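*Asks:* Mind having a look at this structure? Questions to follow.
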Amino acid sequence: MVETPRLRQHVLLKGPPEGVPVLFVHGNASSSTFWEETMLALPGGYQAIAPDLRGYGDTEDQPVDASRGCRDWVDDLLALMDVLGHSRFHLVGHSLGGSVVWALLAVAPERVLTATVVAPGSPFGFGGTKDLQGRPCASDFAGSGAGLVNPEFARLMAEGYRGEDHPAAPRVVMNRFYWKPPFRHPREEALLSGVLSEKVGPNKYPGDALPSPYWPGVAPGRWGPANALSPKYVGDTVERMLRSPSKPPVLWVRGADDEIVSDASLFEPGNLGRLGVVPGWPGAEVYPPQPMVGQTRYVLERYSAAGGFYQEEVFPDTGHSPHIERPAWFGRLLHTHLQRVG
């Protein structure tokens, strides 16, 4: 447990304190334990640092102010690295953690040696946008935020349900969508405990939602992780990334068969409406599937054109967690990338 001026954070550490720091940021409905194999495989000379984010794991239970986008998490991480004495560090984020990476590259890029994003959320946010430039489908960003979350998944998470007899059971969702079936992880019980560690409640996960006159009828509220990922609160993250004179090299790793972050995501209303899962879809002109992968590539191509560098690596036959599904391949890429700077 590390006491910071913002909150008390639970942190996994591996390697010497004087080693080059590598900060690992986990995704939604997970925790720092999802990084353990990656941390253990780091070469000598690095210190791996993996905190449980605010709202997750054993970190002090404090609310996420979604109106700040990912800034609560960014400020928490910077405070943690200050306390640990690291002015600069390598940064690795998975899924929601990738969204945190985008925000940190906008706020404090000068502190980042290299950035690695693994199946990251779009730099424009999750849900509610219609094109590569991230234009909203509706003025209130309907279809993003807490209203996207299956309430049964949140209920079962709050109950600590570890069974498989419900389609929204956390274990079922993890094994169906976090990686590509039939993959099962040998530490499945520990990873499931990480999923179940997320704090659940009206102002926690999934957070609050507002009614909307626009399809699909819900808009983001103010609190919780799901709302923090809404494009409503992304602000000028992309433009700040692009304007900054400091542009750390970016490694982007994704699975070819990812069904969470995808141009046809099974967690995004535009695609679910197109498939007939969410009724009343107003059509592709009004609310197309969000091109999440295309948006990320669009931003990174602009990043490169503005003087930065990025490398995209696509793992075939892999789902949402390349670092877990194909750890040796991911490790080789990450270790090479870490050697670009520092």
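The values are calculated or read from the model by the stated rules, or taken from the named source; none is laboratory data. The shown structure was predicted, so the numbers you read here are calculated from the model rather than taken from an experiment. Heads up, the Cβs are rebuilt from the backbone with ideal geometry, glycines too, and the neighbour counts pull from every protein chain shown. To get the accessible areas, we keep the full protein, side chains included, count just its heavy atoms, and leave off ligands, DNA and RNA. Shrake-Rupley method; radii C 1.70, N 1.55, O 1.52, S 1.80 Å.
*Asks:* Of everything in region 211-222 that's part of a strand (DSSP E or B) and in contact with a helix residue (DSSP H, G or I) (Cβ under 8 Å, 6 or more places away or on another chain), which residue is nearest to Lys232 (Cα to Cα)?
*Replies:* Of everything passing the filter in region 211-222, Pro220 is nearest to Lys232 (Cα to Cα).
*Asks:* Hey, among Gly294, Gly307, Gly270, which residue is surrounded by 15 or more Cβ atoms within 10 Å (Cβ to Cβ) and either of a type in the set (Gly, Ala, Ser) or assigned to a loop (DSSP other than H, G, I, E, B) (or both)?
*Replies:* Just one listed residue meets the conditions, Gly270.
*Asks:* On to the next question. Can you find a residue that is assigned to a loop (DSSP other than H, G, I, E, B) and under 27 Å from Phe183 (Cα atoms) anywhere in region 321-335?
*Replies:* Going through region 321-335, the residues assigned to a loop (DSSP other than H, G, I, E, B) turn out to be 321, 326.
Filter again for under 27 Å from Phe183 (Cα atoms), leaving 321, 326.
Yes - at least one qualifying residue is present in region 321-335.
*Asks:* Leu300 fails exactly one of the following numbered conditions: (1) touching a helix residue (DSSP H, G or I) at 6+ places or on another chain (Cβ under 8 Å); (2) open to solvent by less than 10 Å² (accessible area, probe 1.4 Å). What is the number of that condition?
*Replies:* Here Leu300 meets the rest and fails (1).
*Asks:* Residues Leu80, Leu53, Leu91: which one is open to solvent by less than 10 Å² (accessible area, probe 1.4 Å) and part of a strand (DSSP E or B)?
*Replies:* Just a single option satisfies the conditions, and that option is Leu91.
*Asks:* Being of a type in the set (A, V, I, L, M) and open to solvent by 10 Å² or more (accessible area, probe 1.4 Å) is the filter here, so list the residues in region 19-38 that pass it.
*Replies:* Matches in region 19-38: Val20 only.
*Asks:* Of Pro170, Pro120, Pro181, which residue is open to solvent by 40 Å² or more (accessible area, probe 1.4 Å) and not β-branched (Val, Ile, Thr)? It would help to see each step written out before you state the result.
*Replies:* Details: Pro170 fails: open to solvent by 40 Å² or more (accessible area, probe 1.4 Å); Pro120 fails: open to solvent by 40 Å² or more (accessible area, probe 1.4 Å).
Pro181 is the lone residue from the list that is open to solvent by 40 Å² or more (accessible area, probe 1.4 Å) and not β-branched (Val, Ile, Thr).
*Asks:* Can I ask one more? Of all residues in region 13-41, how many are farther than 23 Å from Trp102 by Cβ and either more than 18 Å from the chain's Cα centre (by Cα) or modelled with pLDDT under 95 (or both)?
*Replies:* Selection size over region 13-41: 10.
*Asks:* In region 232-262, what residues are under 16 Å from Thr318 (Cβ atoms) and either part of a loop (DSSP other than H, G, I, E, B) or over 22 Å from the mean Cα position of the chain (by Cα) (or both)?
*Replies:* Of all residues in region 232-262, those under 16 Å from Thr318 (Cβ atoms) come to 251-262.
Hits for region 232-262 are Ala256, Asp257, Asp258, Glu259, Ile260, Val261, Ser262.
*Asks:* Restricting to region 189-209, name every residue that is over 16 Å from Gly145 (Cα atoms) and open to solvent by 20 Å² or more (accessible area, probe 1.4 Å). Show your work before the answer.
*Replies:* We begin by selecting, within region 189-209, every residue over 16 Å from Gly145 (Cα atoms); these are 189-199.
Matches in region 189-209: Glu189, Ala190, Ser193, Leu196, Ser197, Lys199.
*Asks:* Mind checking which residues of region 2-12 are out of contact with any Lys or Arg (no Cβ under 9 Å at 6 or more places or on another chain) and over 20 Å from Gly98 (Cα atoms)? Let's see the steps before the verdict.
*Replies:* So the first thing to find is which residues in region 2-12 are out of contact with any Lys or Arg (no Cβ under 9 Å at 6 or more places or on another chain), and the list is 3-5, 8, 10-12.
Within region 2-12, Glu3, Thr4, Pro5, Arg8 qualify.
*Asks:* Suppose we filter region 273-283 for residues that are surrounded by 16 or more Cβ atoms within 10 Å (Cβ to Cβ) and either under 27 Å from Pro182 (Cβ atoms) or hydroxyl-bearing (Ser, Thr, Tyr) (or both); how many remain?
*Replies:* Going through region 273-283 one residue at a time, the tally reaches 0.
*Asks:* Please go through region 67-80 and pick out each residue that is in contact with a strand residue (DSSP E or B) (Cβ under 6 Å, 6 or more places away or on another chain) and either of a type outside the set (D, E, K, R) or at positive phi (or both). If you could, list the steps in order and put the result at the bottom.
*Replies:* Step one: filter region 67-80 for residues in contact with a strand residue (DSSP E or B) (Cβ under 6 Å, 6 or more places away or on another chain), giving 72, 80.
Of everything in region 67-80, just one residue is in contact with a strand residue (DSSP E or B) (Cβ under 6 Å, 6 or more places away or on another chain) and either of a type outside the set (D, E, K, R) or at positive phi (or both), namely Leu80.
*Asks:* Oh, and also: Restricting to region 116-156, name every residue that is within 25 Å of Lys180 (Cα to Cα) and among the β-branched types (Val, Ile, Thr).
*Replies:* Once the filter is applied, which keeps residues that are within 25 Å of Lys180 (Cα to Cα) and among the β-branched types (Val, Ile, Thr), region 116-156 yields Thr116, Val117, Val118, Val149.
*Asks:* For Pro288, state whether it is open to solvent by 10 Å² or more (accessible area, probe 1.4 Å), farther than 26 Å from Thr114 by Cα, at pLDDT 95 or above and touching a Lys or Arg at 6+ places or on another chain (Cβ under 6 Å).
*Replies:* yes
*Asks:* Being touching a Ser or Thr at 6+ places or on another chain (Cβ under 8 Å) and more than 11 Å from Phe34 (Cα to Cα) is the filter here; which residues of region 182-197 pass it?
*Replies:* Answer for region 182-197, where residues must be touching a Ser or Thr at 6+ places or on another chain (Cβ under 8 Å) and more than 11 Å from Phe34 (Cα to Cα): just Ser197.
*Asks:* Is there a residue in region 240-260 that is free of Cβ contacts under 8 Å to residues at least 60 places away in the same chain, within 27 Å of Ala154 (Cβ to Cβ), among the hydrophobic types (A, V, I, L, M, F, W, C) and surrounded by fewer than 24 Cβ atoms within 10 Å (Cβ to Cβ)?
*Replies:* No, that holds for no residue.
*Asks:* Cβ contacts < 8 Å: first residue touching a residue at least 24 places away in the same chain (Cβ under 8 Å) and over 20 Å from Ser193 (Cα atoms), restricted to region 37-56; second residue of a type in the set (Lys, Arg) and open to solvent by less than 10 Å² (accessible area, probe 1.4 Å), any location; separation 6+ or different chain. Result?
*Replies:* none
*Asks:* Same structure, new question: If you take the residues of region 106-117 that are aliphatic (A, V, I, L, M) and crowded, with 21+ Cβ neighbours inside 10 Å, which of them is farthest from the chain's Cα centre (by Cα)?
*Replies:* Going through region 106-117, the residues aliphatic (A, V, I, L, M) turn out to be 106-108, 112-113, 115, 117.
Those still in the list that are crowded, with 21+ Cβ neighbours inside 10 Å too: 106, 112, 115, 117.
Details: Ala106: 16, Val112: 18, Ala115: 14, Val117: 9 Å.
Going through the qualifying residues, I end up with Val112.
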